[in-house]
1. Residue 45 fails exactly one of the following numbered conditions: (1) in contact with a Phe, Trp or Tyr (Cβ under 6 Å, 6 or more places away or on another chain); (2) in contact (Cβ under 8 Å) with a residue 12 or more places away in the chain. What is the number of that condition?
2. Could you tell me how many of the residues in segment 87-100 are over 16 Å from residue 41 (Cβ atoms) and crowded, with 19+ Cβ neighbours inside 10 Å?
3. Give the residue, chosen from 41, 80, that is of a type in the set (Phe, Trp, Tyr) and assigned to a loop (DSSP other than H, G, I, E, B).
4. Can you work out which of the residues in segment 88-113 that are of a type in the set (Lys, Arg) and part of a loop (DSSP other than H, G, I, E, B) is nearest to the chain's Cα centre (by Cα)?
5. Exactly one of these conditions fails for residue 37: (1) touching a residue at least 24 places away in the same chain (Cβ under 8 Å); (2) of a type outside the set (Ser, Thr, Tyr); (3) under 21 Å from residue 79 (Cβ atoms). Give me its number.
6. From 120, 139, 150, which residue is surrounded by 10 or more Cβ atoms within 10 Å (Cβ to Cβ) and modelled with pLDDT under 90?
7. Taking residue 84 as the residue in question, decide whether it is within 9 Å of the chain's Cα centre (by Cα) and either of a type in the set (A, V, I, L, M, F, W, C) or surrounded by fewer than 22 Cβ atoms within 10 Å (Cβ to Cβ) (or both).
8. So, of the residues in segment 48-63 that are out of contact with any helix residue (DSSP H, G or I) (no Cβ under 7 Å at 6 or more places or on another chain) and free of Cβ contacts under 8 Å to residues at least 40 places away in the same chain, which turns out to be surrounded by the most Cβ atoms within 10 Å (Cβ to Cβ)?
Amino acid sequence: MSQATEKTYSGSADKGRRTVTVDGGRGPKPLRCLDFFTPRFAWGYHAAGPSELAIAILHDHYGLRKPVFDERVLKLYDAFADEIVAKFARDRDWSLGTASVDDWLDQTEKRRPGSTLGRPPHAHPAIVQPSVQLEAPMPLEPLPEPFVAPEPLLPTD
């Protein structure tokens with residue numbers, strides 16, 4: 001089942017600069033990068049940039065507006081990055097509609113029997129998955145002083 005508003009996610013690669021937009025019928029707007037791994041998007045391989053794009057697409061697809069990481073997104077982004085984002089041509093433009101995202105979520109749900117995480121809440125209105133609010137990271141302890149090897153003893157004449 002598709003969202004109430006069909007959206008199209010589009011990426012463009014121009015001279016090494018990559019931009020991603022989402023168009024829900026009112027013109028394209030930049031897709032929000034949540035900066036989970038890196039502050040930029042990438043595609044065509046699997047690493048931090050494509051994972052960041054997978055998170056952003058799923059986050060938007062589920063209709064999440066606050067910059068919190070939803071449990072569904074956290075469970076699905078890695079597979080979405082491998083199976084969808086990594087397959088986009090690295091230096092070419094691409095587009096992905098919400099129907100394609102829904103199809104992928106349906107297939108993912110079939111691979112995970114009993115799972116309802118693969119469908120956005122609009123598809124299962126009776127199921128409400130809580131969002132996961134990340135806590136502030138614990139302060140890091142200071143690093144120990146780096147080991148400095150003593151200078152080698154040189155013979156003196």
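The values are calculated or read from the model by the stated rules, or taken from the named source; none is laboratory data. Here the structure is a predicted model, which is why all the values come from computation and not from measurement. Don't worry about glycine lacking a Cβ; one is built from the backbone with ideal geometry, like all the others, and counts go over all protein chains shown.
1. Of everything listed in (1) in contact with a Phe, Trp or Tyr (Cβ under 6 Å, 6 or more places away or on another chain); (2) in contact (Cβ under 8 Å) with a residue 12 or more places away in the chain, residue 45 misses just condition (1).
2. So the count comes out to 1.
3. 41
4. The first filter runs over segment 88-113 and keeps only residues of a type in the set (Lys, Arg), leaving 90, 92, 110-112.
So of that shortlist, the ones also part of a loop (DSSP other than H, G, I, E, B) come out as 90, 92, 112.
Details: 90: 16, 92: 19, 112: 20 Å.
Restricting to residues being of a type in the set (Lys, Arg) and part of a loop (DSSP other than H, G, I, E, B), the top hit is 90.
5. Going through the list (1) touching a residue at least 24 places away in the same chain (Cβ under 8 Å); (2) of a type outside the set (Ser, Thr, Tyr); (3) under 21 Å from residue 79 (Cβ atoms), residue 37 breaks only (1).
6. Selected residue: 120, the only one of 120, 139, 150 that is surrounded by 10 or more Cβ atoms within 10 Å (Cβ to Cβ) and modelled with pLDDT under 90.
7. Working: within 9 Å of the chain's Cα centre (by Cα): no; either of a type in the set (A, V, I, L, M, F, W, C) or surrounded by fewer than 22 Cβ atoms within 10 Å (Cβ to Cβ) (or both): yes.
Taking the combined requirement at face value, the residue does not satisfy it.
8. 52
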